[in-house]
Amino acid sequence: MVTAAAIAAAALPPLLTHNVSPSATFWNQALAFGLWGLFVLLSAPRLNARDQRGTLPLQTALLLLMAAAGWSWLHGALPASLALSALGTLAAAALMVAAGAGSQRQPVATADPASASPSFIAFCWGFAAAGALSLLVALVQVFMPSWCNSDWIACSGYPGRAVGNMRQPNHLSSLLTGSTIGMLVLFELGRVRRAVAALAMALLVFGVVLTASRTGLVSVLLLALWGLVDRRLSRQARLLLLAVPLAYLVSWLLMAQWAALSAHAFGGSARLAETDISSSRFGIWRDTLRLIAQQPWTGVGFGEFNLAWTLTPSPHRPVAFFDHTHNLLLQFAVELGLPLAVLLTALLSWALVRDLVLRRGAVPGAAGVAQRSAMAMVLMMGVHSQLEYPLWYAYFLLPTAWVWGHALAAPAAMPAVSAPSGPPRAPSLALRLAAVALMAGTAFAVGDYATVARIFNADSDRPLAERIAAGQRSVFFAHHADYAAVTTGAAEQVPPRNFERVVHYLLDTRLMSAWARSLAAHGKVDEARHLAARVREFKRPEAAPLFAACGVASGAASGAASGASSTPPDSAASSAATGAFACEPPTTAHSWREFSAD
């Protein structure tokens, strides 16, 4: 049962393709919360202070993040729906850490391969299955794209590249890398034969090549480094790890040759030809550092990066809408301020160092293999988190929290005894109740989301205004209903206060254009000009209607319409109606905080 639950939790959320507007990932997230809650319920160990002592730095970091989210909500401007979503997610992560730590609490023989935690072995089977199933999706996306459909296999938006049903090549590469580690563990613990492990790992590495992910390449090199330095692994396991880069190289050459002979696209070749090796990351990091310099002590506030970044002038900004810095440490610094960011980084670093350095080799046998393999999984996700934001997705955050808790508690939880003694200890009632609460909370969130999803259902027989009003009472998703409320109909008739919640989620062209028109119509013309200037910086063609009155229909796309209009508006109302305000630069400098109601 535990193994089946682990396979379902690890494999099903990344495989799900179906979602309902307004969120493209809600069902994946909900499935991850519910199934990992089920895994904890079925595998719940007995907890005590000894189990949890090693997780103190990690749990403290999660507690500080929860406090920051609460502060941004109660003393800042972060809407309740966003704050409660963050608090619930962080609480779920803390539960997973505790469950992972407790999973090592078994007095078993350390010399026996079975001495590794049964829950961790189930976890590895789960990731092995997840990688195998997602690999099948990747093969279809690259070699048989005509088979793709929205129901079972997502179509790749990148020619010749695999994205999995998560639709993100970096996410797929991290899943396949985690699956590779899981397969190595199963081999090292005697659960699969060497030939099976070697073939499976080679195929998974081939899948990483199909993603053409640079993050995947870095992870492959780290696997080889692990095999080089960890002398406590068996010789066969180390050889398998050292062979991973060779498998990557051979796979790359084979794909390049196949593409040349068959006239098919190979995404890796296109990646090599790209001039921006950072894929806009350098630009977002530059802007993030500027924001940190402007607000070094307290930051912009938990969850407020998108608002602060979007509304701060940046003539050379990336043209995509970013709500994350694509670097976890920079995210801490820009949102929470340098002092708290340094503290969080120190706590997370200590949680890594105490296992990688202070405890290296402290646990013998299979338990030690499990501990070091668990930390390898954490490190892979840590590397990914310096280039993207995978931990904002429950199907990565929750298993990472569980496996990190498992690694941190391993030394303290493995007493040196030769055999189990006494009757099996009862699972932790508190842990089981917390798991049930997580599953119940997930069920509530599904129902809560349904009230918002009805807004975007064109077949609904309820009036739109009624559906929006019901959605605005949502606990976790009211901001989506607010978006529909302010972008439907004439923006000039929408009071600026109606934008107070929705602008803290994700600003896009449609929302900013409506917000600018509302501000102009209600007498805040210069603020509206500031917003229009920010829209212009993104150079998005869909913003052309906002600048139609400027005489340069493509002004938003070209960025050329930055001068003043020859006929200034006579009033706020006429400025909003004609859109003339968008043609003029603001007369004064405005801070992004002026647009945040706190």
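The values are calculated or read from the model by the stated rules, or taken from the named source; none is laboratory data. Note that this is a predicted model, so its numbers are computed, not measured. Here Cβ is always computed from backbone atoms with ideal geometry, including for glycine, and neighbour counts include all displayed protein chains. Accessible surface areas use protein heavy atoms only, side chains included; no ligands, DNA or RNA. Shrake-Rupley method; radii C 1.70, N 1.55, O 1.52, S 1.80 Å.
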Note on A465: of the conditions (1) within 30 Å of A443 (Cβ to Cβ); (2) at pLDDT 95 or above, unmet is (2)
List the pairs whose first member sits in region 237-256 and is surrounded by 15 or more Cβ atoms within 10 Å (Cβ to Cβ), whose second member is not in a helix (DSSP H, G or I), and whose Cβ atoms are under 8 Å apart, counting only residues at least 6 apart or on separate chains?
R238/D230; R238/R231; L241/L233; M255/F266; A256/F266
Matching residues in region 237-257 (within 30 Å of the chain's Cα centre (by Cα), closer than 8 Å to G227 by Cβ and not aliphatic (A, V, I, L, M)) number 0
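Which of the following residues is more than 15 Å from P399 (Cα to Cα) and at pLDDT below 95: S146, S134?
Numbers: S134 fails: at pLDDT below 95.
Answer to the selection: S146.
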Reported set for region 157-173 where residues are surrounded by 24 or more Cβ atoms within 10 Å (Cβ to Cβ), out of contact with any Asp or Glu (no Cβ under 9 Å at 6 or more places or on another chain) and either acidic (D, E) or within 15 Å of V209 (Cα to Cα) (or both) is A162, V163, G164, P169, L172, S173
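Can you spot a residue in region 238-245 that is among the basic types (K, R) and touching a helix residue (DSSP H, G or I) at 6+ places or on another chain (Cβ under 7 Å)?
Residues of region 238-245 among the basic types (K, R): 238.
In the following step, the residues that additionally are touching a helix residue (DSSP H, G or I) at 6+ places or on another chain (Cβ under 7 Å) were identified as 238.
So far as region 238-245 goes, yes, one or more of its residues are among the basic types (K, R) and touching a helix residue (DSSP H, G or I) at 6+ places or on another chain (Cβ under 7 Å).
Limited to region 205-229, what total is found for residues that are in a helix (DSSP H, G or I) and open to solvent by less than 10 Å² (accessible area, probe 1.4 Å)? Spell out the reasoning first.
Going residue by residue through region 205-229, those that are in a helix (DSSP H, G or I) are 205-211, 214-229.
Narrowing the set further to residues that are open to solvent by less than 10 Å² (accessible area, probe 1.4 Å) leaves 205, 207-211, 215-216, 219-220, 223, 227.
Summing the residues that are in a helix (DSSP H, G or I) and open to solvent by less than 10 Å² (accessible area, probe 1.4 Å) in region 205-229 gives 12.
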Of (1) under 25 Å from F127 (Cα atoms); (2) under 22 Å from the mean Cα position of the chain (by Cα); (3) buried (at least 16 other Cβ atoms within 10 Å of the Cβ), Q386 satisfies every one except (3)
Kindly establish whether A49 is without any contact (Cβ under 8 Å) to a residue 24 or more places away in the chain and either surrounded by fewer than 24 Cβ atoms within 10 Å (Cβ to Cβ) or of a type outside the set (S, T, Y) (or both).
yes
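So, in region 447-457, exactly how many residues are closer than 30 Å to M96 by Cβ and buried (at least 16 other Cβ atoms within 10 Å of the Cβ)? Before you say what the answer is, go through the steps one by one.
Quick first cut of region 447-457, residues closer than 30 Å to M96 by Cβ only: 447-453.
Now narrow it down to the ones that are buried (at least 16 other Cβ atoms within 10 Å of the Cβ): 448-449, 451-453.
The qualifying residues number 5.
In this structure, is L330 among the aliphatic types (A, V, I, L, M), open to solvent by 50 Å² or more (accessible area, probe 1.4 Å) and part of a helix (DSSP H, G or I)? Steps first, answer last, please.
Details: among the aliphatic types (A, V, I, L, M): yes; open to solvent by 50 Å² or more (accessible area, probe 1.4 Å): no; part of a helix (DSSP H, G or I): yes.
No.
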List pairs: first in region 63-86 and touching a residue at least 40 places away in the same chain (Cβ under 8 Å), second basic (K, R) and outside any helix (DSSP H, G or I), Cβ under 8 Å, 6+ apart or cross-chain?
P79/R501; S81/R501
If we ask which residues in region 573-587 are under 13 Å from C550 (Cβ atoms) and either open to solvent by less than 40 Å² (accessible area, probe 1.4 Å) or at pLDDT below 60 (or both), their number turns out to be 8
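If you go through region 458-465 one residue at a time, do you hit one that is part of a helix (DSSP H, G or I) and either open to solvent by 30 Å² or more (accessible area, probe 1.4 Å) or within 28 Å of V20 (Cβ to Cβ) (or both)?
Here is the first cut: in region 458-465, the ones part of a helix (DSSP H, G or I) are 464-465.
If we keep only those that are either open to solvent by 30 Å² or more (accessible area, probe 1.4 Å) or within 28 Å of V20 (Cβ to Cβ) (or both) too, we end up with 464-465.
Yes, because at least one residue in region 458-465 is part of a helix (DSSP H, G or I) and either open to solvent by 30 Å² or more (accessible area, probe 1.4 Å) or within 28 Å of V20 (Cβ to Cβ) (or both).
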So, in region 117-156, of the ones that are touching a Lys or Arg at 6+ places or on another chain (Cβ under 9 Å) and not hydrophobic (A, V, I, L, M, F, W, C), which residue ends up most open to solvent (accessible area, probe 1.4 Å)?
S156
